[in-house]
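The structure appears right after this line, and notes come after that.
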There are 2 protein chains.
Amino acid sequence: MKLTYFNLRARAEPARLILAQAGQDYEDARLPAPWDDMAPWQELKPNTPFGQLPVLNVNGVEIAQSMTVARYVAREFGLAGTNNLESALMDAIVDAVSEATEKMYNAYVFEKDEAKKAELTKKFNEDVLPSLLKNIEKGLKDDYLVGGTVSWADIILYHFVKELPSQDALKDAPKVAGVVERVANLPNIKKWVETRPQTKL
Amino acid sequence: MKLTYFNLRARAEPARLILAQAGQDYEDARLPAPWDDMAPWQELKPNTPFGQLPVLNVNGVEIAQSMTVARYVAREFGLAGTNNLESALMDAIVDAVSEATEKMYNAYVFEKDEAKKAELTKKFNEDVLPSLLKNIEKGLKDDYLVGGTVSWADIILYHFVKELPSQDALKDAPKVAGVVERVANLPNIKKWVETRPQTKL
């Protein structure tokens, strides 16, 4: 397997974390960040399935879309539940976290207009983030999100929380904070996070 | 199974179409459209997993998020591929179509500022839509998108295309147009589309 992305965590890190937890070897191919050198990406772009990265190449077949890649490796290595209902409960959390992740990036990274950025940042911190954490908190009955054991949903939640500009919102979501702490302390996750390339995003 | 949404196609129609194709009975529970009467939704909202609809209730367990619900019913009724790789190739197309769907709704339905609406509409018609169709077209080798038989990815693509304000872009994507035509002519799909509630969206 070859996972191609930029030299960033961002949209490829969920799959990298799942592969780390699963103890799988793969080629971690990294193009320069677009703001450092756009040329390699411009050359590769027409040959990707949807003109976007990450792409996972599995025996010559290319899988696109960050959450699809993450789900594929999670299923392949036993981190996506033991039946369709468990898988769906994980997918629902992953979708909710992904929606919030897009709003975080839009507010903190992509928006260039200062007034609009302030508005989006305020909405993220006062509405999007607390609502998401409250909704996950109310569904949490166990040490992990679904099925009583670690899954890719826990890893996605962990990654989202660790990428937040501030961890303050976790104070009102102690059970979510517990899940994040448990994932952070998994030996394979800990080792990957300590040794992975250091990047801005 | 009980599928709860507004009396709209929009985000619940993919799951309804999949359930129609699979020939499954379910309760198609419909709240008034938010612009007709917000009260029933305001009452239900705090009791949904993420404060959003649709929600699918399966034997008392609530599954949230439109594409998670669609994937769940597709897997349950044999429309989500025969192995993890096929499922992932479907997921990737579904994710790409979903991204374009969000942009279509943002441009045509949600944006209220006229100048911004014109900008988003132009971007959708001149960039987002033709790029998506071109990328799906280049990967299409068969009568259906993945695995040589109809899957939920074909149904999602069909629904997206039929909701477009114009079908003009299909002229440059004859293989995509063929998939859409084949899905439209499936007897179960045809029957559902002819008999479903008529709504604005």
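Which value in Å is the Kirkwood Rh of region A:1-66 over different Cα pairs?
12.2 Å is the Kirkwood radius here.
Percent of Cα-Cα pairs more than 12 Å apart in region B:142-185, please.
56
A 28 angstrom limit on the alpha carbon distance is what I want to check against. Which of A:171/B:116; B:116/B:175; B:45/B:112 exceed it?
Check vs 28 Å cut-off fails for A:171/B:116; B:116/B:175.
Round to a whole angstrom and tell me the spacing of the C-alpha centers of region B:44-102 and region B:1-41.
Rounded to whole Å, the Cα centres lie 14 Å apart.
Residue by residue through B:45-56, how many Cβ atoms from other chains fall within 10 Å of the Cβ on average?
Per residue, the average neighbour count from other chains is 3.
What nm distances, shortest first, do you get from the label point of residue A:78 to those in the other copies when the point sits 7 angstrom along Cα to Cβ?
3.0
Please compute the average number of Cβ atoms from other chains found within 10 Å of each residue's Cβ in peptide A:131-142.
Values: counts 2, 2, 0, 2, 7, 2, 0, 2, 4, 0, 0, 0.
Mean partner-chain Cβ count within 10 Å for A:131-142: 2.
Just to check I understand the Karplus step: with θ = phi - 60° and J = 6.51 cos²θ - 1.76 cosθ + 1.60, what whole-Hz values come out for region A:102-114, glycine and proline as x?
4, 5, 5, 5, 4, 6, 8, 10, 7, 5, 9, 6, 5
Straight-line reach only, C-alpha to C-alpha below 21 angstrom: list the lysines that residue B:191 could link to, leaving out same-chain residues fewer than 8 apart.
B:2, B:162, B:200
Debye calculation, C-alpha points only, no solvent: report log10 I(q)/I(0) for chain B at q = 0.07, 0.09 Å⁻¹, in the same order as the q values.
-0.21, -0.35
For a quick check: sort A:113, B:154, B:143 by the number of other beta carbons within 10 angstrom, fewest at the front.
Working: A:113 9, B:154 24, B:143 13.
Listing A:113, B:154, B:143 from fewest to most nearby Cβ atoms yields A:113, B:143, B:154.
How much of the calculated P(r) for region B:66-168 lies past 23 Å, in percent of all Cα pairs?
Values: 1656 of 5253 pairs.
Of all Cα-Cα pairs in region B:66-168, 32 percent lie more than 23 Å apart.
Short version: ³J(HN,Hα) in whole Hz for each residue of region A:62-73, in order, from phi by Karplus 6.51 cos²θ - 1.76 cosθ + 1.60 (θ = phi - 60°), x for Gly and Pro, what are they?
Along region A:62-73, the couplings run 9, 10, 9, 6, 4, 6, 5, 4, 4, 5, 4, 5 Hz.
Output ³J(HN,Hα) for region B:156-162: one whole-Hz value per residue in order, computed from phi by the Karplus curve 6.51 cos²θ - 1.76 cosθ + 1.60 with θ = phi - 60°, and x for Gly and Pro.
Calculated HN-Hα couplings, in order: 5, 5, 4, 4, 4, 4, 5 Hz.
Hey, for residue B:23 with labels 7 Å out along Cα-Cβ, what do the inter-copy distances come to in nm, ordered shortest first?
Ordered by distance, the counterparts are at 4.6 nm.
Report, for residue A:200, each distance to the same residue's label point in the other copies, shortest first and in nm; define the point 7 Å along Cα→Cβ.
Going from nearest to farthest copy, the values are 4.4 nm.
Using helices alone, I'd like the mean residue ellipticity at 222 nm for the protein assembly as shown: each DSSP H run of four-plus residues gives -39500 (n - 2.57), total over residue count, nearest 500.
For the protein assembly as shown, the value works out to -15500 deg cm²/dmol.
Give the average, rounded to an integer, of partner chain Cβ atoms located within 10 angstrom of each Cβ in B:81-92.
Shielding by partners across B:81-92 averages 5.
Within a 10 angstrom radius of the beta carbon, how do B:1, A:90 rank from fewest other beta carbons to most?
With the sparsest Cβ surroundings first, the list reads B:1, A:90.
What ranking do A:48, B:82 get, fewest neighbouring Cβ atoms within 10 angstrom at the top? Could the numbers behind the result be given before it?
Numbers: A:48 16, B:82 12.
The fewest-first ordering by Cβ neighbours comes to B:82, A:48.
Please compute, over every Cα-Cα pair in the protein assembly as shown, the percentage with a separation greater than 37 angstrom.
Details: 15709 of 80601 pairs.
Roughly 19 percent, rounded to a whole number.
Rule-based calculations on the coordinates, nothing more; no lab input. Note that the coordinates shown come from a computational prediction; the quantities given were computed from them, not determined experimentally. Positions of Cβ are generated from backbone atoms using ideal geometry, with glycine treated the same way; all protein chains shown enter the neighbour counts.
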